[in-house]
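Here's the structure we're looking at; comments come further down.
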Amino acid sequence: MMTKYSFFNLVRNALGHHEGWAPAWRSPEPGKQYDVVIIGGGGHGLATAYYLAKEHGITNVAVLEKGWIGGGNTGRNTTIVRSNYLWDEAAHLYEASMKLWEGLSQDLNFNLMFSQRGVYNLGHNLQDMRDIRRRVDANRLNGIDGEVVDGIELKRRIPILNTSPNSRYPVLGASFQARGGTARHDAVAWGFARGADSFGVDIIQQCEVIGIRQVNGCVTGVETNRGFIGAGKVGIVVAGNSSVLAGLAGFRLPISSHPLQALVSEPLKPVLDTVVMSNAVHGYISQSDKGDLVVGAGIDSFNGYGQRGSFPVIEGVLAAIKALFPVFSRVRMNRQWGGIVDTTPDACPIIGRTPVKGVYINCGWGTGGFKATPGSGYVFAHTLAQERPHSLNEAFSLERFTSGHLIDEHGAAGVAH
Amino acid sequence: MLEIPCPWCGLRCESEFSYGGEAHIVRPENPEALNDEAWADYLFMRKNPRGPHLEQWHHVYGCRRWFNVKRDTLSYRIECSYRVGEQPPEGEI
Ligand SMILES: Cc1cc2nc3c(=O)[nH]c(=O)nc-3n(C[C@H](O)[C@H](O)[C@H](O)COP(=O)(O)OP(=O)(O)OC[C@H]3O[C@@H](n4cnc5c(N)ncnc54)[C@H](O)[C@@H]3O)c2cc1C
Ligand SMILES: [Zn+2]
């Protein structure tokens with residue numbers, strides 16, 4: 001039984017030198033047969049399992065993770081959360097996710113350190129500002145908060161931002177979503193894992209799926225490095241490795257996997273109390289509660305699965321950040337890493353059924369799926385349980401690439417994150 | 001940083017190049033004759049392998065020519081490069 005995290009239990013366990021806490025989730029041996037097997041123990045896979053149990057009462061579920069949970073993009077991203085996307089389909093999906101974020105720490109009884117510190121998307125020229133105006137107007141018609149901020153007001157709010165007309169990347173203004181912000185990435189994986197486990201979901205780490213068994217075009221289970229595991233339905237939620245798993249199941253995806261890099265600085269005193277993104281120069285920055293500057297870049301252009309990218313991308317993002325925030329010019333960067341993001345031609349996710357009966361896929365979140373973690377899990381759980389999409393993910397089917405109904409968020413809502 | 005062997009200029013730094021994705025995708029002779037599945041496959045579906053990959057690069061800040069490279073997407077090791085119109089040296093992968 002899960003111990004509730006509360007002030008009372010904190011005090012009680014303090015008296016026992018904190019040695020009495022139960023593990024947040026079990027580490028069971030794989031069972032023989034599950035109603036649903038989720039491949040991939042990132043935030044999206046764990047959230048799917050959690051909502052399958054909580055919303056649909058399906059608890060005979062396993063989450064199979066080849067490494068450790070949250071060790072993929074969930075634990076590697078720059079944690080920016082926002083919902084100010086341009087097109088209705090995307091805006092509704094990300095906004096549903098935002099609404100879940102707003103109650104998630106309470107719901108999971110786990111402190112996700114969700115901080116609605118606001119997100120600015122900078123405009124560097126007149127066309128940027130027109131696009132920002134259009135997007136903010138579209139957001140407000142969709143009931144999503146947004147504001148256009150001019151250069152003078154922006155300088156007042158973020159004094160360290162270089163808004164001089166002579167700067168390398170002149171800043172004319174920005175869009176602002178006050179409800180946007182950041183959350184603690186690891187906590188999201190752990191919170192969903194603990195929640196799912198409490199309903200009886202088996203979370204099985206060090207378990208890599210190496211085959212998808214089918215009989216007459218119908219899935220019967222998965223081959224793993226720990227043996228065969230039977231499954232009524234299979235949900236593939238493996239981000240950068242989606243094409244690999246689709247290959248095992250025998251279908252093709254419109255996905256390219258690319259390295260995406262991020263880095264953090266040495267810890268500083270509080271200096272930046274919001275999130276600033278520039279899609280034009282591919283620089284994203286916020287300050288963590290520990291004090292380090294968290295900096296995200298654009299993708300490395302080549303296909304890659306190596307969880308590392310090339311130096312010119314780091315050089316490019318730091319040059320951009322330094323031009324926007326000259327005050328950071330002598331900050332030293334502490335750590336740098338890469339994740340593997342699954343990009344689609346229209347920069348929108350693919351959530352739904354596949355050509356193999358019983359196999360469902362949730363992928364293509366690319367550079368920006370952390371913000372969608374709860375919403376993605378919610379609609380994917382619905383899709384798996386009901387065997388048809390939720391109204392929020394109907395438009396995000398794999399079939400849209402055949403029918404031509406692409407949702408062109410690329411560029412419109414800001415490329416990344 | 002990758003060091004990429006341009007078939008015309010030799011080994012140069014990645015920052016001189018731009019990437020062109022999967023190689024050897026042939027535009028269908030008669031698109032009108034295709035059904036939607038075949039057209040979608042040509043337009044959007046990609047191999048995206050975890051391992052050896054045949055891909056296009058453009059020496060955009062050099063000789064400005066396109067060419068093909070065989071590179072491993074996991075180790076990032078480049079095995080060879082070859083000209084547009086040529087097949088990869090040791091057959092298909
Ligand atoms: C550097 C970086 C910065 C980013 N910044 C942001 C941001 O600011 N805001 C935002 O919204 N998004 C951001 N993203 C994107 C976001 O991280 C992803 O879209 C999201 O985390 C995808 O979630 P996931 O849980 O599906 O993926 P993951 O956490 O990658 O989970 C997939 C899991 O599947 C496992 N797996 C793979 N193959 C197998 C197999 N064969 N068998 C079993 N398990 C397998 C992997 O080990 C992995 O743990 C960023 C990404 C990166 C890399
Ligand atoms: Zn050349």
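Please treat every number below as a calculation from the coordinates, not as lab data. Every value quoted in this text rests on a predicted model; they were computed, and no experiment measured them. Neighbour counts run over all protein chains shown; Cβ positions are idealised from the backbone, glycine included.
What does the helix-only formula give at 222 nm for the protein assembly as shown: each DSSP H stretch with n ≥ 4 adding -39500 (n - 2.57), the total divided by the residues, and the result rounded to the nearest 500 deg cm²/dmol? Please list the in-between numbers first.
Numbers: 11 runs with 129 residues, N = 510.
That comes out to -8000 deg cm²/dmol.
Mind listing the lone cysteines of chain B, meaning no other Cys beta-carbon sits under 4.7 Å from theirs?
Cys with no partner Cβ under 4.7 Å: B:CYS13, B:CYS63, B:CYS80.
Out of the range A:1-80, which trypsin sites (Lys or Arg not before Pro) are coil in DSSP terms and have no more than 10 other C-beta atoms within 10 Å?
Here the sparse-neighbourhood loop sites are A:LYS4, A:LYS32.
Mind running the shape call on the range A:164-231? Use the C-alpha gyration tensor, a ≥ b ≥ c as the square roots of the eigenvalues: rounded below 1.5 for a/c, prolate if a/b tops b/c, oblate otherwise.
prolate
Specify which residue in the list A:ASN109, A:ALA14, A:SER83 is farthest towards the positive end of the charge dipole of the protein assembly as shown, using unit charges on the beta carbon of Lys, Arg (+1) and Asp, Glu (-1), about the Cα centre.
The listed residue farthest towards the positive side: A:ALA14.
Per residue of A:294-306, how many C-beta atoms from partner chains lie within 10 Å of its own C-beta, taken as a mean?
What the average comes to for A:294-306 is 5.
For chain B, what is the charge dipole size about the Cα centre, in debye to the nearest 20, if Lys and Arg each add +1 at the Cβ and Asp and Glu each add -1 at the Cβ?
Numbers: 11 positive and 15 negative charges, 86 e Å.
Computed charge dipole of chain B: roughly 420 debye.
Considering only C-alpha atoms, what is the centroid distance from the range A:13-72 to the range A:98-146, in Å?
Using only Cα atoms to place each centre, the spacing works out to 29 Å.
Of all trypsin sites (Lys or Arg not before Pro) in the range A:205-297, which ones are in loop regions per DSSP and have a Cβ with at most 11 other Cβ atoms within 10 Å?
Here the sparse-neighbourhood loop sites are A:LYS290.
May I ask you to list, by number, the DSSP H helices of chain A whose Cα span along the axis is at least 24 Å and whose average Kyte-Doolittle hydropathy reaches -1.0 or more?
A:88-108
Which of A:SER278, A:PHE325, A:THR343 sits closest to the plus end of the dipole of the range A:273-417, meaning its Cα is farthest towards the positive end, when Lys and Arg get +1 and Asp and Glu get -1 on the C-beta?
In the range A:273-417, that residue is A:PHE325.
Give me the distance in nm between label points sitting 7 Å out from Cα along the Cα-to-Cβ direction at A:ASP408 and A:LEU10, one decimal.
Result for the modelled spin labels: 5.1 nm.
Once you have a ≥ b ≥ c as the square roots of the Cα gyration tensor eigenvalues for the range A:103-177, tell me rounded if a/c is under 1.5, and otherwise prolate or oblate according to whether a/b is larger than b/c.
oblate
Taking every DSSP beta bridge that has both residues in the protein assembly as shown, what percent is antiparallel when rounded to the nearest 5?
DSSP beta bridges in the protein assembly as shown are roughly 75 percent antiparallel.
Would you mind ranking A:HIS390, A:HIS56, A:HIS44, A:HIS258 so that the residue whose beta carbon has the fewest other beta carbons within 10 Å leads the list?
A:HIS56, A:HIS390, A:HIS258, A:HIS44
Specify whether the C-alpha gyration tensor of the range B:44-92 places it in the rounded, prolate or oblate class, a ≥ b ≥ c being the square roots of the eigenvalues: rounded for a/c under 1.5, otherwise prolate if a/b is larger than b/c and oblate if not.
It is prolate, given that a/c is not under 1.5 and a/b is the larger ratio.
Shielding of A:340-351 by partners, i.e. mean partner chain Cβ atoms within 10 Å per residue? Write down the numbers at each step before the final one.
Working: counts 2, 0, 1, 1, 1, 3, 1, 0, 0, 0, 0, 0.
Mean inter-chain Cβ contacts per residue within 10 Å come to 1.
Name the residues whose placed amide hydrogens come within less than 5 Å of the amide hydrogen of A:LEU253, ignoring near sequence neighbours (fewer than 5 apart) on the same chain.
B:ARG46
Obtain the nm distance between the two label points defined at B:CYS9 and A:LEU268 by a simple spin-label model: each point lies 7 Å from its Cα along the Cα-to-C-beta direction.
A separation of 3.6 nm, rounded to one decimal place.
Only Lys, Arg, Asp and Glu count, each charged at its Cβ (+1, +1, -1, -1), so figure out the dipole size of the protein assembly as shown about its Cα centre, rounded to 20 debye.
The calculation lands at about 1180 debye.
Can you give the charge dipole size of the range A:51-156 about its Cα centre, rounded to the nearest 20 debye, using +1 on the beta carbon of Lys and Arg and -1 on the beta carbon of Asp and Glu?
Roughly 300 debye for the range A:51-156.
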